[in-house]
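For reference, the structure is listed below as structure tokens.
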Amino acid sequence: MDFLDSGQKFSPRQDQDWDPTLTFLPAADTRQLEKNPGQRRKLWIGVGLLLAAAAVALLTGLLVWHYHLRSDVRVKKVYIGSMAISNERFLPSYEDSSSPQFVHLASLVRQQLKLIYSKNSVLAKSFRGATVQAFSEGEGDGDGDSVVVYYQSKFDVHISQQASLDQAVQSLEPQTGSQSGRHGRLLPKPTDALNVNNVVSRALDPRMTRTTLFAKKVFNLHVRDSGVVKSPGFPDSSYPPNVYLQWRLRADPGHRVRLDFHTLILEDDCQQDFIQIYDSLAPIQNLVLTEQCGYPHESLSFLSSGSVMLLTLVTDEEKNFPGFIANYSQISLSEQKCGGTLTASKGSFSSPFFPSNYPPKTTCVWKIQAPKETFLKVQFKKFFLGNNSAQCRQDYVEVDDQRLCGSKLQSSVLTSRSNAMTIRFRSDSSYVDQGFTAEYEAFIPTNPCPGRFQCTNNLCLNTTLQCDGWNDCGDASDEENCSESRTRTLQIRSRFQPEKLPTKSGFHHPAEFPQHITSYNVCSNRPFGDFPFMTSQRAVAPPPECDGSQMKCKNGRCKPEFWKCDSVDDCGDNTDEENCVKCKPGEFTCRNSRCIPKKMQCDGKDDCSDGSDESKCEKSLVLQQCSEFTFRCRDGRCISKLNPECDGEQDCEDGSDEDNCHCGTRPYRSSRIVGGQASREGEWPWQVSLHIKGQGHTCGASVLSNRWLMTAAHCVQDNGPNKYSQATQWEALLGLHVQSQTSEWTVRRNIQRIIAHPDYNFLTYDNDIALMELDSNVTLNQNIWPICLPSPTYDFPVGLAAWITGWGATREGGLAAKILQKAEVRIINSTVCKSLMKDDVTDRMLCAGILKGGVDACQGDSGGPLSVTGPSGRVFIAGVVSWGDGCARRNKPGVYTRVTKYRSWIKEKSGV
Ligand code: 4AZ
């Protein structure tokens, strides 16, 4: 009660001993105050509080001691296992857990487990019960002569005995190499009960026991008739949070299960959301075939060894993605064709079901028998056999006695010293991979490459491939010692990757085996997977002459004059950055050209007065002041790190620099623009083809989200009778690779709304940017994915490599490309660009190109992205293809809309 409001007037008590003449000591010196009864009460309260605090401390100590130090703390452990019951025949009713047969056999299994555990003191003491999860047909000839049971056993042990429990559980398994019958060790048998063997059990993955998992569900599917399995909500909504779902897949006896993923897009972090596939009906860890999360690039086609497979999905609270859809089917076990005798002098062979993942528990043996007087060579074209381990104990290929594994091969070609070779492939019971393809050929030892060129790495090439500007050998030996005129060709062919000699990876390769005499050393330093023709290698060519617009680096390279003194080491030996008029050594050059001591850079203070000394730091200090060069977090604070957004590290205290970062990655799985080359399918999943209905491809665009695209405003301007500003005129093709060839990944959408920038100037092309809203959301897939939008302060420095993509004309005035083209260009200094272009280049424009000419965007590429890879590998859109003086002309770079200038406008209009 508030005394002031209570209606009672407060008046100090009139003490009889009160002497108004007395002066009190300062209150701080309480020790000298005379203690009155009120003070004594306070003292008691203080003592009480002290005692209470002591009691709390004691209790806390007791709790800590109880949970951490006390010697009788117990833990619960769950093991998932399976075992074979050899004296039972599999019945179809065992598939139904409510059938009397299931219930009866399950009860016998539980008794049997109790008996097994009773023989071991650790297990006997700690066993708390078992549940049977499923039965399947046992291994053998498919006549159902045994049953496999999948169960879960719970134990409760003293914390210090966890390891002994693991050991005791492990001891039930047959020892590798033991000779105890067909199925390994036989276990105790109660009278009239089960003959069990082949026990396997493993602790349950802790991610599957998360307390947050509220929905646990099992789906039973028979794969006799093929069908699809998908995550809940797919494709209309993302999968639900905090679920643990199991799909038990069963094939007919004598068949195996096949599961082919069409789409798989989960959260990147496997600790949060993941799928697992097991060669079992229960999640037994040593029978896991794969674990996947994110957007895997590798083969996603899986086969079981027997008639069962388990697919699991575990999700957490946050970041739920589209999920997956997969086709299931069954294949007869007799369909596996692997191994055999090969007698032709040339041929090929591959791991079973390649390019699908090979099944577990598989062995294949090939014996090659070539004509007398020849030797044999074998080359692995693809080789993916799990992890590389020292002794290749898991999955491996053996060529004669040489064991190979991993995804890196130790040598490109293996040869025999006779006309016979034995190749053995073996997979163990867990973790499968894509396998291998191999080619072999017999050769006459004295004439390894008849009529052909022999590369240093011993491949044989058609002589026409020598000095053609392409690295056909892979070690560039076909491009060495070429004459001057041929060297020039090489320069032209390699202009898209200026420092790299192109290879024809991905195309049919004309290189063949050398008919070589010496044996290739399997232990050579070349990684086995590093096939000569799969790599881009630097050419060893005589230094070229530089032309008028180029400077000559000390190392002999030619670089555009304009790249001098742009703070980028273009030469590779920094000679283009030497002797530039700059600040003194030990000083930093601010953007406003001031010089400050280097040590003042990145100290958290704005020493340049334009913030530029605090904008390109490795550390992310929170700055006292924001500037136009510093990243602003959502909470309004600015940080000093250069381009911190979506770089995989949290820099802002509120984490806003890592928000909405699912963009800019390429979920594709497989392996013109003027002066470009065809891209691979799925390489540019944000690239969109905008079609005018009835006319076809007209402009490019970029995917910003599942609803919004970005293009150039000049693409959507009315042009006489052509009403391009009307949304109904357009349709967008997302996930397209080849014009007029849609694939399963292509999505066609009408446009609901076009928002051109209100300040677009059709004369100067200033503010040449527009947004398009799709009429309905698209489901992102491996060929449709948003590109990252840079923040207003994102820095795309001069000289930075960027990629242009599109189906535009392949030369000025030429025809449009059918296959999506790509070309690498560089960001060009704005001052230089302004001086080169006839028309006005505003600060809202960005120039990029190759000043020598030959590489550029062109008609039909407009609206498409200028893509730049950020520090963490995510791709950001730096520009929108806008205009140029013709296409690919010398000293005429392409001009792009500078996207950083429009970040807030994009957010305002689209919410992205
Ligand atoms: C166009 O017409 C166009 N060289 C786009 C880009 C460039 C030229 C023309 C740049 O769509």
**Request:** Kindly indicate whether Ser280 is modelled with pLDDT under 90 and polar (S, T, N, Q).
**Result:** no
**Request:** Could you look through the stretch 288-313, keep only residues that are over 14 Å from the mean Cα position of the chain (by Cα) and open to solvent by 20 Å² or more (accessible area, probe 1.4 Å), and pick out the one that is nearest to Thr362 (Cα to Cα)?
**Result:** Ser305
**Prompt:** Of all residues in the stretch 210-248, which are among the polar types (S, T, N, Q) and open to solvent by 50 Å² or more (accessible area, probe 1.4 Å)?
**Reply:** Thr211, Thr212, Asn220, Ser226, Ser237, Ser238
**Matching option when the condition is exposed (fewer than 15 other Cβ atoms within 10 Å of the Cβ), of a type in the set (Lys, Arg), within 35 Å of the chain's Cα centre (by Cα) and part of a loop (DSSP other than H, G, I, E, B), among Lys372, Lys337** = Lys337
**Prompt:** When you go through (1) within 19 Å of the chain's Cα centre (by Cα); (2) closer than 20 Å to Asp433 by Cβ one by one for Thr263, which number turns out not to apply?
**Reply:** (2)
**Request:** Give the residue, chosen from Pro241, Pro253, Pro232, that is outside any strand (DSSP E or B) and more than 25 Å from the chain's Cα centre (by Cα).
**Result:** Pro253
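Table: residues versus (1) within 11 Å of the ligand (Cβ to nearest atom); (2) in a helix (DSSP H, G or I).
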site: Val825; (1), (2): yes, no
site: Val832; (1), (2): no, yes
site: Asp843; (1), (2): no, no
site: Leu851; (1), (2): no, no
site: Ser872; (1), (2): no, no
site: Val880; (1), (2): yes, no
site: Arg889; (1), (2): yes, no
site: Lys892; (1), (2): yes, no
site: Glu908; (1), (2): no, yes
**Asked** Within the stretch 108-122, can one find any residue that is in the same structural domain as Asn87 (by TED's automatic domain parsing), of a type in the set (Gly, Ala, Ser), modelled with pLDDT of 90 or more and buried (at least 16 other Cβ atoms within 10 Å of the Cβ)?
**Response** no
**Asked** Which of the residues belonging to the stretch 820-871 are over 13 Å from Val895 (Cβ atoms) and charged (D, E, K, R)?
**Response** Lys822, Glu824, Arg826, Lys852
**Request:** Go through Ser835, Ser872 for me and flag whichever is open to solvent by 10 Å² or more (accessible area, probe 1.4 Å) and more than 30 Å from Val747 (Cα to Cα).
**Result:** Ser835
**Request:** Scan the stretch 709-738 for residues that are within 20 Å of Ala817 (Cα to Cα), assigned to a loop (DSSP other than H, G, I, E, B) and more than 16 Å from the ligand (Cβ to nearest atom) and jot them down.
**Result:** Gly735, Leu736, His737
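Under the condition of being of a type in the set (A, V, I, L, M, F, W, C) and within 29 Å of the chain's Cα centre (by Cα), which residue from the stretch 197-216 is modelled with the lowest pLDDT?
Phe214
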**Item:** Unmet criterion (only one of (1) open to solvent by less than 30 Å² (accessible area, probe 1.4 Å); (2) within 25 Å of Leu172 (Cβ to Cβ); (3) charged (D, E, K, R)) for Arg202
**Value:** (1)
**Message:** Here is a check on your reading of the model: is Thr742 open to solvent by 20 Å² or more (accessible area, probe 1.4 Å) and either within 16 Å of the ligand (Cβ to nearest atom) or at pLDDT 95 or above (or both)?
**Reply:** no
**Fill in**
Those residues of the stretch 798-811 which are closer than 21 Å to Leu846 by Cβ and open to solvent by 10 Å² or more (accessible area, probe 1.4 Å) amount to Val798, Leu800, Ala801, Trp803
**Asked** For the stretch 608-634, how many residues meet the condition of being open to solvent by 70 Å² or more (accessible area, probe 1.4 Å) and either over 21 Å from Gly870 (Cα atoms) or not in a loop (DSSP other than H, G, I, E, B) (or both)?
**Response** 4
**Message:** When you scan the stretch 316-325, do you find a residue that is more than 30 Å from Tyr239 (Cβ to Cβ) and open to solvent by 40 Å² or more (accessible area, probe 1.4 Å), even just one?
**Reply:** no
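The values are calculated or read from the model by the stated rules, or taken from the named source; none is laboratory data. Everything quoted here is computed from the prediction, not taken from an experiment. Using ideal geometry, Cβ is built from the backbone for each residue, glycine included, and neighbour counts are taken over all protein chains shown. Ligands, DNA and RNA are stripped out before the accessible areas are found, and what is left, the full protein with its side chains, is counted by its heavy atoms. Shrake-Rupley method; radii C 1.70, N 1.55, O 1.52, S 1.80 Å.
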